[in-house]
Amino acid sequence: MQVYPNIVKSKPPIVSTVLARGSYAYVGILHGHPSTVLKWPAIRDPHTLECFETEKRAFELLSQHQHIVNYLWANETGICLEYCAWGPIRYHYGCHGLPDINGRLLWCHQAISAVAHLHSKGLVHCDISTRNCLLAENLDVKLCDFGATVRAGEFMHGVAELHYGGARRPQDSLACISYDLFCMGGLLYEIIGGKQPFGDLDRFDAMQKYLQEVYPSLDGIDPQYARVIQNCWSGKYNTAEELGNDLPIPDII
């Protein structure tokens, strides 16, 4: 993960090194605990603080899962999590390239397993993306960033990135599992194909494509995987388990 040493304006004393800043939070390694990080608000506006309270609640509702980032504790300063040194899948493949197809399928199945567990707790992630799939030391997937995660049926206060079709909110902006399953199409597309959906378009143009029900081209993707991605976008799956059962299993499992 890239280090940004100049982002230190709001660094808590317990943090030794600031690693990155996201849309609403900083992440940094704790003093004396190199395997753990603290996530704390970048700014203390109402929306940011709501995202933090939302994320704390999500972790309290979730039990430990091998493909969800480990939650250690939370207090008024921030949220303490395990450190996944390889960073997000998007960053990793941008620097190191993609693994072979078996490795990519393994990442897909691990992400699906995490999302299935989340849904089993009645939660909707609302921001499925390769930037929210971290890689642990052994390169296993760890789903993260639950700042937009709410219970199914609750009002959404965050959406997925527009290149994943995030603007296709459910009716009345009430969170539903189908929203995550649609975005899983973009996740599988990016992991298998090594590029963001509509990556050649700006955010606005990508949003317009999805709103017109025009989806990224699947040319060049093996038909057995392209079919599953298209099924995500077409709403063919009712659960993450159905999606996982339909996706070919890598030889290394």
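The values are calculated or read from the model by the stated rules, or taken from the named source; none is laboratory data. None of the values given here were measured: they were computed from a predicted structure. Glycine gets a Cβ as well: all are built from the backbone with ideal geometry, and neighbour counts include every protein chain shown.
Here are some notes:
- Considering each residue of region 181-192 in turn, none proves to be more than 21 Å from the chain's Cα centre (by Cα) and either in a helix (DSSP H, G or I) or acidic (Asp, Glu) (or both).
- Answer from THR77, THR17 - the residue that is polar (S, T, N, Q), in contact with a strand residue (DSSP E or B) (Cβ under 8 Å, 6 or more places away or on another chain) and in contact (Cβ under 8 Å) with a residue 24 or more places away in the chain: THR77
Here is a yes/no grid of residues against (1) modelled with pLDDT of 95 or more; (2) not polar (S, T, N, Q):
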residue	(1), (2)
THR17	no, no
ILE29	yes, yes
HIS33	yes, yes
THR36	yes, no
LYS39	yes, yes
ARG44	no, yes
CYS51	no, yes
SER63	no, no
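- Each residue in region 115-126 was checked for being surrounded by fewer than 23 Cβ atoms within 10 Å (Cβ to Cβ) and out of contact with any helix residue (DSSP H, G or I) (no Cβ under 7 Å at 6 or more places or on another chain), and 3 of them qualify.
- Residue identified as among the aliphatic types (A, V, I, L, M) and in contact with a Phe, Trp or Tyr (Cβ under 6 Å, 6 or more places away or on another chain) among LEU162, LEU181: LEU181
- Tallying residues that are surrounded by fewer than 14 Cβ atoms within 10 Å (Cβ to Cβ) and among the aromatic types (Phe, Trp, Tyr) within region 48-107 yields 1.
- Within region 24-77, tally of residues that are within 20 Å of ARG131 (Cα to Cα), among the acidic types (Asp, Glu) and part of a loop (DSSP other than H, G, I, E, B): 0
- Condition broken by TYR71, with the remaining ones in (1) in contact with a Phe, Trp or Tyr (Cβ under 9 Å, 6 or more places away or on another chain); (2) in the same structural domain as GLY186 (by TED's automatic domain parsing); (3) within 22 Å of GLY22 (Cα to Cα) satisfied: (2)
- Residues in region 71-121 that are closer than 21 Å to THR36 by Cα and small (Gly, Ala, Ser) were compared, and the one that is nearest to the chain's Cα centre (by Cα) is ALA114.
- Residues in region 78-102 that are of a type in the set (Val, Ile, Thr) and either in a strand (DSSP E or B) or more than 28 Å from GLN224 (Cβ to Cβ) (or both): ILE79 alone.
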